[in-house]
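See below for the structure under consideration.
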Amino acid sequence: MATPYNHRAIEQKWRKKWEENPINVNDGTKEKYYCLDMFPYPSGNGLHVGHWRGYVISDVWSRYKLMHGYYVIHPMGWDAFGLPAENYAIKMGTHPAKTTAENIKNIKRQIQEIASIYDWDMEVNTTDPGFYKWTQWIFVQMFKKGLAYEKEMPINWCPSCKTGLANEEVVNGKCERCGADVTKKNLKQWMLKITAYADRLLADLDKLDWPEKVKKMQTDWIGKSYGAEVDFKVDGKEDVITVYTTRPDTLYGATFMVLAPEHAMAKDLATDDTRAAVEDYIYKASLKSSVDRLQDKEKTGVFTGSYAINPLNGAKVPIWLSDYVLADYGTGAIMCVPAHDDRDFEFAKKFDLPIIQVISKDGKEIENMTEAYTDAAGTMINSGEWNGMESAVLKLEAPAIIEKKGFGKKTTNYKLRDWVFSRQRYWGEPIPIVHCPDCGNVPLPEEQLPLLLPDVDSYQPTGTGESPLADITDWVNTTCPVCGKPAKRETNTMPQWAGSSWYFLRYVDNKNDKELVSREKADKYLPVDMYIGGVEHAVLHLLYSRFYTKFLCDIGVIDFDEPFTKLFNQGMVTGKNGIKMSKSMGNVVSPDDLVRDYGCDSLRMYELFVGPPELDSEWDDRGIDGVYRFITRFWNMVMDNTDKNVEETKELVKIRHKLVYDITSRLESFSLNTVVSGFMEYNNKLIDMSKKGGVDKATLETFVQLLAPFAPHISEELWEELGHKESVFHCGWPAYDEKAIEDDEIEIAVQLNGKTRATVTLAKDVAKEDAIARGKEALGDKLQGNVIREIYVPGKIINIVAK
RNA sequence: GCCCGCGUGGCGGAACUGGCAGACGCGCAGGACUUAAAAUCCUGUGGUGGCGACAUCGUACCGGUUCGAUUCCGGUCGCGGGCACCA
C-alpha cells in the first residue's frame with residue numbers, strides 16, 4: 001500500500017526546503033516579471049478567506065511566470081499609516097505604532113500560510129521613517145514645482161473621523177471610511193495640483209491593459225468636456241460675465257443667466273430693490289452642507305435685478321443666482337437655455353421665465369413643451385444666420401465661430417478637482433513644511449528628512465480642524481531653514497494615499513538611503529507588469545499612483561509614466577447572501593482552520609474553484625471537500641503508477657497534450673476556476689486509464705508540472721517521488737504539439753430542422769456529401785418529407801432541413 | 001435621473017469566434033465495503049409524461065434575425081456597480 005496523502009507533513013517539509021533553497025532567485029541573467037498585490041493595511045481582524053483569494057491569484061500567476069524562466073518580483077508590504085490603523089488603536093486604547101506592529105506580525109504569519117513566493121527582503125512599511133522620508137521628499141519636490149500649494153476653502157469634512165477628505169473619498173455624500181454624512185468646513189489646506197495632469201491621465205489610459213470598467217470610471221471621474229466660454233456684458237455696466245457651455249449651438253435660445261451664489265460678482269449685481277433678497281440667498285446657500293445641496297433637487301434662486309446682453313443677438317436676459325450652479329466648475333456662471341436643458345427648464349418653469357426653442361424635433365417646434373429637448377439632433381430654428389443648420393454639426397463648429405466673432409473662445413473643462421491633501425489626524429506622515437513669518441512656506445531641506453512623527457500620549461483627533469500635532473509645542477516651534485528665525489511647523493499630516501501612491505517603486509530598492517529608488521534598478525525592474533487587487537480603488541489609489549508616477553517621471557526619478565501595465569481586479573468574497581464579511585456581521589471565515597484541516601494546497605485551489613476570479617463569490621465551506629478529494633485522488637493515482645513503468649500509448653499521449661493545451665490556454669485567459677475543474681476532469685480520466693492498464697510516467701510528470709503553481713507542496717513532493725532532484729519550478733512549463741491534439745475522428749450532432757436527433761462519428765476530413773449521407777442515415781425513419789436544405793459545418797454540425 | 005455590467009438545475013458554476021445547454025464540484029438519493037459509523041468506491045440526479053428506448057418543454061420575460069440563438073438585434077422586468085444639478 002502506497003503512502004497516504006498527509007498534507008501536514010508534506011507542507012511542512014517543503015516550506016522548510018524552500019526557505020533553505022529559495023526557488024525564485026535573481027541570477028542576473030533572467031528577464032524580470034513584476035507581479036504585484038495591492039498591499040494590505042494591517043487591520044486588527046487579520047485576514048479572511050477573501051484576502052486570501054487575491055494573494056492566491058497573484059501567486060499562481062507569479063509561479064507560472066517563474067516556470068517560464070523569469071525572475072519574478074513578487075513583494076509584499078504594509079500600508080500602515082492612516083485612518084483604519086489609527087481608529088483601531090483608539091478603540092483599543094493603545095498607541096497606533098504598537099497596534100500596527102502587532103497586527104503586521106499576525107497578518108504576516110497568515111500571509112505566509114499561503115506559501116506565496118514573496119521576497120521578504122523587499123518588504124516595505126509606509127510608517128517606517130526610512131520609507132516615509134521619501135514620501136515627504138516627493139511632497140517637497142511637488143512643492144518646488146508648484147504642484148503642492150496651500151489654500152483656504154470649504155472642503156469635505158467628516159465629523160466622525162474629524163478630518164478633511166479628498167473628493168475621491170466622498171461616496172454619495174458620505175465618508176468612504178466610516179459612512180458618516182460629510183459636511184463642509186472652511187479650512188486652510190494643502191492641495192496637490194492633480195488637475196495639471198488631467199489631460200495626460202485621460203489620454204494615457206489608452207495605452208494600459210486594464211479592465212474597461214476601471215478605465216471608464218477614471219475617464220468619467222476626470223470628466224473632460226468640450227465647449228466654449230462666452231462673454232456676456234452686464235447691461236448698463238462695463239462688467240463682463242463669462243459662462244461655460246458645452247452647447248454653444250443653442251446660444252440663441254439663452255433666455256436667462258444663472259450664477260453660483262459664491263460667484264465673485266454675485267453681490268455687485270444686486271440693485272437697491274433686490275439687495276436684501278440677494279444677500280439673504282447668498283447667506284443661506286453658504287450654510288447648506290454638501291449633503292443638503294446634493295439632496296435638495298428642488299430649484300431655488302433669486303433674481304439679481306441686473307441683465308446681461310446676449311452677444312449674438314443683443315437680447316437682454318435677466319441674471320439670477322441659484323445653488324444648482326457650482327462655483328468651482330467652469331466659470332461658476334451659466335447661460336440658460338430652458339428649451340434644451342433639463343435643469344434650466346425646471347428653473348424656467350418654477351420662476352416663469354421665457355422658453356425659446358432653437359432646435360426643431362422631427363422638423364418642427366414642440367407644442368406645449370413639458371420637458372426639455374436635450375438631444376443635439378435637429379435643425380436650427382429661431383437662430384438668425386444659423387437657421388437651417390444641423391445642430392449636431394453646429395455644436396462642433398460654434399466654438400470656433402464664437403472665437404472668430406470675438407466674444408468668447410473654444411475651451412475644455414474637467415470634473416477632476418485638485419487633491420485635498422491635509423488630514424487633521426495624528427497617524428500619518430507629517431507634512432515637511434515650516435511656516436516662517438518672513439519667508440512664508442518653506443520646505444524642509446532634504447538633509448532634514450525624514451521629519452519624524454513625534455511620539456505622543458494623546459493622539460486623539462481634536463475635531464477643531466487642527467491636527468493633534470498642533471498641541472506639541474516643542475515640536476511645532478522650530479526655526480526657519482532659510483532665515484533661521486523662529487517659525488512653526490505645519491501640523492497636518494498626509495492622507496493614507498500618500499505612501500501607497502509610490503510604494504511599488506520602493507520594493508526593488510528598499511534599503512537605499514540616498515535615493516527613493518536608484519535609476520539603475522528602476523530601469524531594470526520597473527514598472528509593474530501585473531497588478532492584482534480589488535476594484536474599490538479605481539478612482540482613488542489607482543488614479544493617485546498614476547499621477548505620482550507621471551510626476552516622478554517628469555523630474556527624472558524614473559523613465560516611465562505609467563505604473564501598472566496590466567491590471568486585474570479580483571472579485572470580493574462575501575458571506576452568505578452576498579453580505580460583506582465583517583466582524584460586526586459575524587460572518588468572517590478565517591483561513592487558519594481550513595489550512596490546518598485541509599492544507600494550504602487544498603485551500604489555494606478551492607479559493608480559485610469557487611468562481612471566476614473577477615467576480616464576487618459567496619463563500620461556502622462545504623465545497624472545499626471536493627477539492628480535497630481531488631487532491632487525495634490525484635495523489636493516490638500518481639502513487640499507484642509511479643513504479644509501474646507503463647508504456648505510453650497513443651491514447652495517453654493524446655490526453656497528455658490535450659491536458660497541456662487546456663490548462664495553459666485557460667490559465668493564459670485567467671479562467672482559473674476552469675483550470676481547477678480541468679484538473680479534476682483529467683484526473684478522472686487518468687484514474688480510469690489507471691484501472692485499464694496504467695498511466696505512463698511522462699503523463700504523470702506533465703500533470704504534476706501543470707499543477708505546481710496551484711498546489712506547490714504536493715507537486716514538489718510528487719515530482720520528487722517521480723525521481724527528480726531539482727525543484728519542479730525549475731523544470732519549465734510543458735509544451736503541447738498541435739498535431740497531437742487533433743482528432744482523426746470526431747463525433748458531431750445531426751440535427752433535423754435545427755433540433756438534435758442523432759450523433760455520428762466522422763473522419764476529420766470527410767467530404768461534405770459523405771457527411772450529409774451519414775447524417776441522413778443516422779436520422780433513419782425520423783427523416784420525412786422533402787429535404788430542402790443540407791448544412792454541414794466541418795467539425796461542428798450536420799443539419800437537415802425537411803418539410 | 002444618466003452611464004456600465006449581469007440574469008443558466010436545489011447550490012457554486014461550465015459552454016472557445018452562433019453549432020449536442022448544464023462540464024467540473026457541492027448537495028441529495030440508492031448501492032458496495034463495515035458489527036456499526038466515518039472515510040472510500042460505484043450508480044443516478046433540469047421539469048413534465050412513460051417500465052422503457054423515447055417524446056416534450058427549458059438559459060428572467062416578449063418579439064426579431066438565422067438552417068440553427070444561453071451567445072446577435074429591439075423592447076420589458078429584476079439584480080449589482082459607477083456618477084449624481086459638472087451646464
Selection status of A:Y5, of a type in the set (F, W, Y), in contact (Cβ under 8 Å) with a residue 12 or more places away in the chain, over 30 Å from A:G578 (Cα atoms) and open to solvent by 20 Å² or more (accessible area, probe 1.4 Å): yes
Residue selected from segment A:117-176 under the condition within 15 Å of A:M494 (Cβ to Cβ) and of a type in the set (S, T, N, Q), by the criterion surrounded by the fewest Cβ atoms within 10 Å (Cβ to Cβ): A:Q141
Residues being in contact (Cβ under 8 Å) with a residue 24 or more places away in the chain and either open to solvent by 80 Å² or more (accessible area, probe 1.4 Å) or at negative phi (or both) - total across segment A:744-757: 8
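Counting only residues that are under 15 Å from A:D375 (Cα atoms) and near RNA strand B (Cβ under 8 Å from one of its atoms), which one in segment A:342-362 is surrounded by the fewest Cβ atoms within 10 Å (Cβ to Cβ)? If you could, list the steps in order and put the result at the bottom.
Filtering segment A:342-362 for residues under 15 Å from A:D375 (Cα atoms) gives A:342-345, A:357-362.
Subset that is near RNA strand B (Cβ under 8 Å from one of its atoms): A:342-344.
Values: A:D342: 12, A:R343: 17, A:D344: 26.
Among those residues, the one meeting the criterion is A:D342.
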Those residues of segment A:51-66 which are small (G, A, S) and open to solvent by 10 Å² or more (accessible area, probe 1.4 Å), in sequence order: none
Residues of segment A:468-478 satisfying the condition of being of a type in the set (S, T, N, Q) and at pLDDT below 95: A:T473
All positions within segment A:327-341 that are more than 7 Å from RNA strand B (Cβ to nearest atom) and of a type in the set (D, E, K, R): A:D328
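State which residue is least open to solvent (accessible area, probe 1.4 Å) when the search covers only segment A:667-714 and only residues that are hydroxyl-bearing (S, T, Y) and free of Cβ contacts under 8 Å to residues at least 40 places away in the same chain. Give the steps one after another, and end with the answer.
Restricting attention to segment A:667-714, the residues satisfying the condition of being hydroxyl-bearing (S, T, Y) are A:669, A:671, A:674, A:677, A:682, A:690, A:699, A:702.
Those still in the list that are free of Cβ contacts under 8 Å to residues at least 40 places away in the same chain too: A:669, A:674, A:682.
On the way: A:S669: 80, A:T674: 44, A:Y682: 13 Å².
Ranking the qualifying residues of segment A:667-714, first place goes to A:Y682.
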Lone qualifier among A:P461, A:P445 - being open to solvent by less than 50 Å² (accessible area, probe 1.4 Å), without any contact (Cβ under 8 Å) to a residue 40 or more places away in the chain and not charged (D, E, K, R): A:P445
Unmet requirement for A:T759, which otherwise passes all of (1) outside any strand (DSSP E or B); (2) within 29 Å of A:K658 (Cα to Cα): (1)
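Being in contact with a His (Cβ under 9 Å, 6 or more places away or on another chain), among the β-branched types (V, I, T), more than 21 Å from A:V653 (Cβ to Cβ) and more than 9 Å from RNA strand B (Cβ to nearest atom) is the requirement here; does A:I714 meet it?
Taking the combined requirement at face value, the residue satisfies it.
Only one of A:K284, A:K297 is under 30 Å from A:A377 (Cα atoms) and at pLDDT below 90. Can you tell me which?
Working: A:K284 fails: under 30 Å from A:A377 (Cα atoms).
Criteria check complete, one pass: A:K297.
Looking only at segment A:12-52, count how many residues are more than 30 Å from A:S582 (Cβ to Cβ) and assigned to a helix (DSSP H, G or I). Outline the logic, then answer.
Of segment A:12-52, the ones more than 30 Å from A:S582 (Cβ to Cβ) are A:12-34.
Then keep just the ones that are assigned to a helix (DSSP H, G or I); that gives A:12-20.
Selection size over segment A:12-52: 9.
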When residues of segment A:597-629 are limited to those that are in contact (Cβ under 8 Å) with a residue 60 or more places away in the chain and over 30 Å from the mean Cα position of the chain (by Cα), the one surrounded by the most Cβ atoms within 10 Å (Cβ to Cβ): A:G599
Qualifying residue in segment A:627-642 (condition: in contact with a Pro (Cβ under 8 Å, 6 or more places away or on another chain) and away from RNA strand B (no atom under 14 Å from the Cβ)): no
Some residue of segment A:695-703 being farther than 24 Å from A:N24 by Cβ and touching a Lys or Arg at 6+ places or on another chain (Cβ under 6 Å): yes
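The values are calculated or read from the model by the stated rules, or taken from the named source; none is laboratory data. Worth saying up front: this structure is predicted, and the values here are computed from it rather than measured. Note: ideal-geometry Cβ built from the backbone for every residue, glycine included; neighbour counts use all protein chains shown. Surface areas here come from the heavy atoms of the whole protein model, side chains and all, with no ligands, DNA or RNA. Shrake-Rupley method; radii C 1.70, N 1.55, O 1.52, S 1.80 Å.
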